[in-house]
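Encoded as structure tokens, here's the structure I'll be asking about.
The values are calculated or read from the model by the stated rules, or taken from the named source; none is laboratory data. This is a predicted model, so every value here is computed, not measured. Every residue, glycine as well, gets a Cβ built from its backbone with ideal geometry; the counts of neighbours run over all protein chains shown.
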């Protein structure tokens, strides 16, 4: 079980360059723990059975209360295991924290409760698409509270902090899909702040990157709007099928009048949608929490127009 | 007339329990024993309250869909569970409840150094507890017990004032903790009986002493943190909130600078209880006394230098992480060696498996697993994978719950005859111990597996692949809950209806067993001279009274057997 990259009872499949390294130390500690635990508990059980008092007044067979030799002897293996784990733990950590210079860069923005992966060609996606066989470096920041980027199959985790950049890197050998979790508590939908890493072959990745660029030119506005809203995580909170979410549903919403938290009425029209994207807290619908992040500076006018077109189309 | 009996003036009928009567005599008592019992009652209530929250959380997690409650209610539940268990139960339980009752009697004195401060500490605890629970409940706070910024300082959390008032509750509780710590330090430093040098002190006193030092030194840091949080909220000074120019990671440094030493506030007294119980029920001198005593101080000291190991993935520098990882091992080593010491004490002992001993042996099992899994988390590269997953949840429950709760019950069953002068029912106590032990392992062991598989903590919903582990865990939680209720039931039954207990039912030789059960109001007429706390062979079992007496006082037949 030590040298396999398949999933085991304890560990998920090893899908990145860091995984084997982490697992080797994990299993070293695992076996050291199993052996010492079994030995200790076996000794304890043996002593309890063997030296059980038969008569309440039985004296202990020995009153030896210290032995410097013994105490030093058992300290040594503890120190040895600790030293080995420490050394390899540090080595592995340093390599996980030192991205190679030629790594492919993706910028990551985390916000409640979705991920935005920004590519050099201007495309932003809700999932992380990467090429296989190439080191990838993520430069991450948060728009609101702490989040943490975690891919169990890669053994990679890094907190994403507002107001500063943190980095993570990895290289994946096989194309496939892997789960991303948020592992720093961030409020209501922390457990649904999920995304996928989609690993393509190098050629497929190039094709994908071309295909997602310029969607506004290539697709009708409703479809482009739908893609944008999926990629930016809007649909994580706003349903399109009438289901109750963190925010109001878009189903059949266009043109309706809604009550705002301040008591006023507001028609769901182009200006309202635009205003809500730019300054989400300014006109909250009654009964919903004021939690949406602003997209000011993150969406272009053409993108907002496409989004409006899509919302209009959800009957 | 024995030397012992000479110290006891009051007759057995006049005890601290009936010395004065009426509710008022309890409410304004300065007697450390009564204050200890009041602490015991409050912390036991906190344990039950926190337990209910835990069961609600576990029930919700039966499946990934909504079972009982919404996202937000779930988030409030685990926050309440954590805060109530940590601040209201684990931190005060052993030191303030058992410590208050036993510490002065172990020293052969009438009371702690500052009885009024002691009572004040109790009431500050009560006020802080009420303040904390009501404000958390009313403001629906959902930050987790760690109150991480900037989430905790953002407007969306409950109402604006939620975090402030909860923080104020913790701030108040901190004073209670400090008062108890100061009191114990003063008492141990100045009031030890003749013949009790530092290295004749029972190990429980060493443990409580080390704990008190941490309480006095670490708690103010928490107060400072909460004060800074208040200043930030009230005056808009940027300290932790990046929107104001602060640094959110700074809060984690402050928070763990207190909360990591607090872990040792939770576990050191537990180790002290275990050292007493293992020695007594093995009828053998505890192995490596000096090591255990010194390691308590060492752990207390190094415990201040390892806070950064909670932050390996926070973005702190590589060098800082390496240093914290190394220092973490320095704490792990003495803890591991303590386990060897307890096991070696069993070797060639004369072992009796009464309920306190069963709880103590369970403690060793659970603490060993908790300690070993701590090695995984202290190792940098491995921690990156395991951080903030259920592996961490399982680890700290093994150490804090497996450790502290098992030791609490070991201590309660051990000293209960002294508390109330009545014996408990062994069968109930042992069955409860078995249920707690099984329930605990069934609840938390699967969490190591799902954590290693990547299941993040504080998740309301989860991927299907983790469901079997969650379900086993939930079943275990109910067994554990039932076991804890049964353990309490056994204690309550004993206090009300148990048969009369002898002064020394276990053959222990620390001073508290040399006064009557329950102790008289003044504990002793005059301070007795210290005994060798671990000289068990100075005592012999007397069939007639069902307890242990000094060899020289024993009836001829039961004498030098």
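Yes/no matrix, rows are residues, columns are (1) in contact with a strand residue (DSSP E or B) (Cβ under 7 Å, 6 or more places away or on another chain); (2) free of Cβ contacts under 8 Å to residues at least 60 places away in the same chain; (3) under 26 Å from residue A:246 (Cβ atoms):
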site: A:112; (1), (2), (3): no, no, yes
site: A:120; (1), (2), (3): no, yes, no
site: A:124; (1), (2), (3): yes, no, yes
site: A:131; (1), (2), (3): yes, no, no
site: A:136; (1), (2), (3): yes, yes, no
site: A:140; (1), (2), (3): yes, yes, yes
site: A:144; (1), (2), (3): yes, no, yes
site: A:153; (1), (2), (3): yes, no, no
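For residues in region A:10-48 being more than 7 Å from every other protein chain (Cβ to nearest Cβ) and not in a helix (DSSP H, G or I), which is surrounded by the fewest Cβ atoms within 10 Å (Cβ to Cβ)?
So the residue we want is A:13.
Would you be able to tell me the number of residues in region B:66-80 that are farther than 15 Å from residue B:457 by Cα and either more than 12 Å from chain A (Cβ to nearest Cβ) or surrounded by fewer than 16 Cβ atoms within 10 Å (Cβ to Cβ) (or both)?
7
Checking residue B:469 against (1) modelled with pLDDT of 95 or more; (2) in a loop (DSSP other than H, G, I, E, B); (3) in contact with a helix residue (DSSP H, G or I) (Cβ under 6 Å, 6 or more places away or on another chain), only one condition comes out false. Which one?
(2) is the only condition that residue B:469 fails.
If you don't mind, there's one more thing I want to ask. Does residue B:286 satisfy being outside any helix (DSSP H, G or I), touching a helix residue (DSSP H, G or I) at 6+ places or on another chain (Cβ under 9 Å), at pLDDT 90 or above and within 14 Å of chain A (Cβ to nearest Cβ)?
Yes.
Kindly evaluate residue A:167 against the criterion of being in a strand (DSSP E or B), surrounded by fewer than 22 Cβ atoms within 10 Å (Cβ to Cβ), at negative phi and under 14 Å from the mean Cα position of the chain (by Cα).
Considered against the rule, which asks whether it is in a strand (DSSP E or B), surrounded by fewer than 22 Cβ atoms within 10 Å (Cβ to Cβ), at negative phi and under 14 Å from the mean Cα position of the chain (by Cα), residue A:167 comes out as yes.
Check region A:126-142 and report whether any residue there is facing another protein chain (nearest Cβ under 8 Å) and within 21 Å of residue B:458 (Cα to Cα).
No; the residues of region A:126-142 include none that is facing another protein chain (nearest Cβ under 8 Å) and within 21 Å of residue B:458 (Cα to Cα).
Name the residues in region B:370-390 that are part of a helix (DSSP H, G or I) and within 17 Å of residue A:184 (Cα to Cα), would you?
Selection gives B:377, B:383, B:384, B:385, B:386, B:390.
Of the residues B:114, B:101, which single one is modelled with pLDDT of 95 or more and surrounded by fewer than 23 Cβ atoms within 10 Å (Cβ to Cβ)? I'd like the intermediate steps shown before the answer.
On the way: B:101 fails: surrounded by fewer than 23 Cβ atoms within 10 Å (Cβ to Cβ).
Matching residue, one of B:114, B:101: B:114.
Separate question: Quick check on region B:328-344. Is at least one of its residues within 11 Å of chain A (Cβ to nearest Cβ) and under 23 Å from residue A:159 (Cβ atoms)?
yes
Hey, another quick one. Please state which of the following conditions residue A:160 fails to meet, knowing it meets all the rest: (1) in contact with a helix residue (DSSP H, G or I) (Cβ under 6 Å, 6 or more places away or on another chain); (2) closer than 19 Å to residue B:249 by Cβ.
(1)
Same structure again: Being more than 10 Å from every other protein chain (Cβ to nearest Cβ) and over 28 Å from residue A:163 (Cα atoms) is the filter here, so list the residues in region A:74-109 that pass it.
Once the filter is applied, which keeps residues that are more than 10 Å from every other protein chain (Cβ to nearest Cβ) and over 28 Å from residue A:163 (Cα atoms), region A:74-109 yields A:76, A:80.
Regarding residue B:132, is this residue crowded, with 20+ Cβ neighbours inside 10 Å and in contact with a helix residue (DSSP H, G or I) (Cβ under 6 Å, 6 or more places away or on another chain)?
Here the answer is yes, as residue B:132 does meet what is asked.
If residue A:196 satisfies all but one of (1) within 14 Å of another protein chain (Cβ to nearest Cβ); (2) over 30 Å from residue B:250 (Cβ atoms); (3) crowded, with 23+ Cβ neighbours inside 10 Å, what's the number of the condition it fails?
(3)
Got a sec? Which of A:213, A:297, A:225, A:247 is on the phi > 0 side of the Ramachandran plot and either surrounded by fewer than 18 Cβ atoms within 10 Å (Cβ to Cβ) or in contact (Cβ under 8 Å) with a residue 24 or more places away in the chain (or both)? Working first, answer last.
Values: A:213 fails: on the phi > 0 side of the Ramachandran plot; A:225 fails: on the phi > 0 side of the Ramachandran plot; A:247 fails: on the phi > 0 side of the Ramachandran plot.
After ruling out the rest, the residue left standing is A:297.
This table checks each residue for (1) in contact with a strand residue (DSSP E or B) (Cβ under 8 Å, 6 or more places away or on another chain); (2) at pLDDT 90 or above; (3) assigned to a helix (DSSP H, G or I).
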{"site": "B:173", "(1), (2), (3)": "no, yes, yes"}
{"site": "B:182", "(1), (2), (3)": "no, yes, yes"}
{"site": "B:194", "(1), (2), (3)": "no, yes, no"}
{"site": "B:204", "(1), (2), (3)": "no, yes, yes"}
{"site": "B:214", "(1), (2), (3)": "no, yes, yes"}
{"site": "B:222", "(1), (2), (3)": "no, no, yes"}
{"site": "B:226", "(1), (2), (3)": "no, no, yes"}
{"site": "B:230", "(1), (2), (3)": "no, no, yes"}
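Being in contact with a strand residue (DSSP E or B) (Cβ under 9 Å, 6 or more places away or on another chain), over 21 Å from residue B:195 (Cα atoms) and assigned to a loop (DSSP other than H, G, I, E, B) is the filter here, so list the residues in region B:508-545 that pass it.
B:517, B:518
Just need a number here: residues in region B:429-473 that are more than 9 Å from chain A (Cβ to nearest Cβ) and either in contact with a strand residue (DSSP E or B) (Cβ under 7 Å, 6 or more places away or on another chain) or closer than 22 Å to residue A:183 by Cα (or both).
So the answer is 16.
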